[in-house]
Structure formats: C-alpha cells, structure tokens
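To start, the structure under review is shown below, and the notes come after it.
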Amino acid sequence: MINTNKRQLLELDAVTKTYGEGATSVAALRDVSFSVDEGEFVAVMGPSGSGKSSLLALAGGLDTASSGEVYVQDTPLGKLNTNELARLRRRAVGYVFQDFNLIPTLTAVENAALPLELDGWKPAKAHRVAKNALRQVGIEHLANRFMDQLSGGQQQRVAIARAIIGERRLILADEPTGALDSVTGNGVLEVLRERADAGAAVVMVTHEPRHAGWADRVVFLKDGRIVDQTALQSDPASLLAAR
C-alpha cells in the first residue's frame with residue numbers, strides 16, 4: 001500500500017524531452033508528470049520506444065528536460081550547475097545502466113566503491129562498504145576480479161552493487177535483470193525490494209510482468225506519455241492485457 005504521507009524523493013513536473021529540431025525532431029517524453037515516494041518501488045513498463053529509458057535518464061540527471069522540471073529530494077535538477085549535479089548524483093542517486101558502464105581496469109570492489117571514493121571517502125572504508133554491497137548481490141567472493149574475468153551476469157551484479165552502495169535514497173534501474181538467470185534475477189529484485197522497504201525510492205524499467213510483480217505500482221508508458229499509473233494489487237500481466 002502506498003503511503004501518501006511519505007516524502008516525495010523524485011518528481012517529474014510536466015516534463016517533455018525532444019531530440020533534434022524542426023521536422024526531424026522526436027519527442028521521447030510528452031508532458032509527463034510522475035512522482036515516487038520514499039519507501040516505494042515503481043516498475044515502468046511499455047513498448048520499445050515508449051520513453052522508458054529517457055524517463056530514467058532525466059530522473060537521474062543524466063539528461064536535461066526540454067521543458068518542465070525534475071526534482072530529486074526537492075532539488076530542481078535544472079537549476080544545478082555541472083558540479084552540483086555531479087555531487088547530487090554521487091550522493092543521492094544510484095543508477096543501473098543497461099550496458100553496465102563499468103570500468104574494465106578496475107576490480108569489482110573498486111567499481112562498486114567508485115562513487116564513494118569520488119565523493120571523498122578513504123579507499124579502505126569505501127571498499128569495506130563496497131564488499132557489503134557485493135555480498136548483497138551474491139558476489140562478494142569475486143571482489144578482486146577484473147571485468148574481463150566476470151560473466152555478463154556477474155558484471156550486471158557489480159553494476160547493481162555500485163548503485164545501492166552508501167546512503168542513496170533514489171535507485172534507478174534500467175532492465176537490471178536482463179543478463180541474469182531467473183534465480184539470480186529474483187535475488188536482485190529482492191535486494192531492490194529491500195532497499196525500498198528500508199526507505200529508498202526505487203524505479204525499475206522492465207518488460208517482464210513477473211518482475212514488475214515486485215513493485216508497489218506500475219507506470220505504463222506509450223508514445224512518450226503515461227497512460228496508466230496503477231497500484232499493484234494483482235498480476236501485472238493484467239495491465240498489459242488491457243493495453
């Protein structure tokens with residue numbers, strides 16, 4: 001059950017994102033208003049090209065809105081300079097990319113610890129916290145391996161560990177179980193669910209109704225617009241069947 005008295009950790013207010021100009025312009029998002037409270041796990045679904053990844057990129061400050069405003073912990077991202085935005089992302093936002101965005105010359109624990117070290121933590125302390133994050137996703141024993149020594153699924157879990165490390169209150173995950181088998185994928189979803197239950201706001205893009213079943217609410221996008229926001233009370237496949 002969604003508690004409307006909880007603080008909003010993410011808000012998109014009438015956000016439009018357009019790529020290109022003139023006749024060749026493409027609207028990825030159209031006047032989208034959307035918010036996520038602390039302690040809430042939201043799944044974002046929709047067909048390819050519906051704007052799911054664009055929504056995450058804007059929510060995480062990785063892209064800028066053409067119009068409207070994005071707020072993270074009540075801070076308007078459009079008003080921040082480059083350094084302020086980078087600091088907010090390091091401290092408040094964890095992001096799981098589809099292509100992982102890991103650094104091949106760093107070990108698993110070094111990749112996971114990187115946001116903390118960039119924020120000024122001493123390496124020894126950052127690595128202790130990173131090892132705990134790796135433990136949560138089941139690969140603490142691989143902490144000292146480099147990326148070319150890990151499978152795609154193991155690399156994905158390193159990326160998830162990097163996203164959940166520290167005290168970040170907003171976790172954004174773009175198809176976080178895409179390279180994982182069902183058992184390992186369920187373990188990752190359980191970690192995301194636990195983060196939400198501990199007070200984080202979690203937004204996950206997925207095309208799998210069974211994965212959306214871990215969420216409190218499903219937001220359905222189509223042609224850059226939100227066409228449904230439904231508190232999840234039953235199998236999310238019923239939402240897709242209605243589209």
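The values are calculated or read from the model by the stated rules, or taken from the named source; none is laboratory data. Computed from a prediction, not measured in an experiment: that's the story for all the values here. Heads up, the Cβs are rebuilt from the backbone with ideal geometry, glycines too, and the neighbour counts pull from every protein chain shown.
Here is a yes/no grid of residues against (1) surrounded by 22 or more Cβ atoms within 10 Å (Cβ to Cβ); (2) aromatic (Phe, Trp, Tyr); (3) within 21 Å of Gln73 (Cβ to Cβ); (4) modelled with pLDDT of 90 or more:
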residue	(1), (2), (3), (4)
Arg157	yes, no, no, yes
Ile171	yes, no, yes, yes
Asp181	no, no, no, no
Asp197	no, no, yes, yes
Thr206	yes, no, no, yes
Pro209	no, no, no, yes
Arg217	no, no, yes, yes
Arg225	no, no, no, yes
Leu232	no, no, no, no
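Looking across region 79-123, the residues that are among the polar types (S, T, N, Q) and over 19 Å from Val191 (Cα atoms) come down to Asn81, Thr82, Asn83, Asn101, Thr105, Thr107. With a requirement of 2 or more residues that are touching a residue at least 12 places away in the same chain (Cβ under 8 Å) and under 22 Å from Ala108 (Cα atoms), the helices (runs of 4 or more DSSP H) lying completely within region 134-212 that satisfy it span 152-164, 182-197. Taking the condition part of a strand (DSSP E or B) and within 18 Å of the chain's Cα centre (by Cα), does Ala43 pass? Here the answer is yes, as Ala43 does meet what is asked.
The residue of region 10-20 that is modelled with the lowest pLDDT, among those that are over 25 Å from Ala198 (Cα atoms) and assigned to a strand (DSSP E or B), is Tyr19.
Reported count of residues in region 105-125, each being hydroxyl-bearing (Ser, Thr, Tyr) and modelled with pLDDT under 95, is 0. Of the numbered conditions (1) in contact with an Asp or Glu (Cβ under 8 Å, 6 or more places away or on another chain); (2) charged (D, E, K, R); (3) over 18 Å from Leu116 (Cβ atoms), Lys79 satisfies every one except a single condition; which is it? Only one criterion is unmet by Lys79, namely (1). Filtered by the rule that a residue be in a loop (DSSP other than H, G, I, E, B), small (Gly, Ala, Ser) and surrounded by fewer than 19 Cβ atoms within 10 Å (Cβ to Cβ), region 49-98 gives Gly49, Ser66.
Among the residues making up region 21-46, those that are out of contact with any Ser or Thr (no Cβ under 6 Å at 6 or more places or on another chain), within 19 Å of Pro209 (Cβ to Cβ) and either hydrophobic (A, V, I, L, M, F, W, C) or modelled with pLDDT under 95 (or both) are Phe41, Val42, Val44, Met45.
For the residues Ala130, Ala124, the requirement of being touching a residue at least 24 places away in the same chain (Cβ under 8 Å) and among the hydrophobic types (A, V, I, L, M, F, W, C) singles out Ala130.
Taking the condition surrounded by 15 or more Cβ atoms within 10 Å (Cβ to Cβ) and of a type in the set (Asp, Glu), does Glu110 pass? Can you show your working first?
Working: surrounded by 15 or more Cβ atoms within 10 Å (Cβ to Cβ): yes; of a type in the set (Asp, Glu): yes.
Considered against the rule, which asks whether it is surrounded by 15 or more Cβ atoms within 10 Å (Cβ to Cβ) and of a type in the set (Asp, Glu), Glu110 comes out as yes.
How many residues are on the phi < 0 side of the Ramachandran plot, touching a helix residue (DSSP H, G or I) at 6+ places or on another chain (Cβ under 6 Å) and free of Cβ contacts under 8 Å to residues at least 60 places away in the same chain when one looks only at region 84-101? Looking only at that region, the number is 1.
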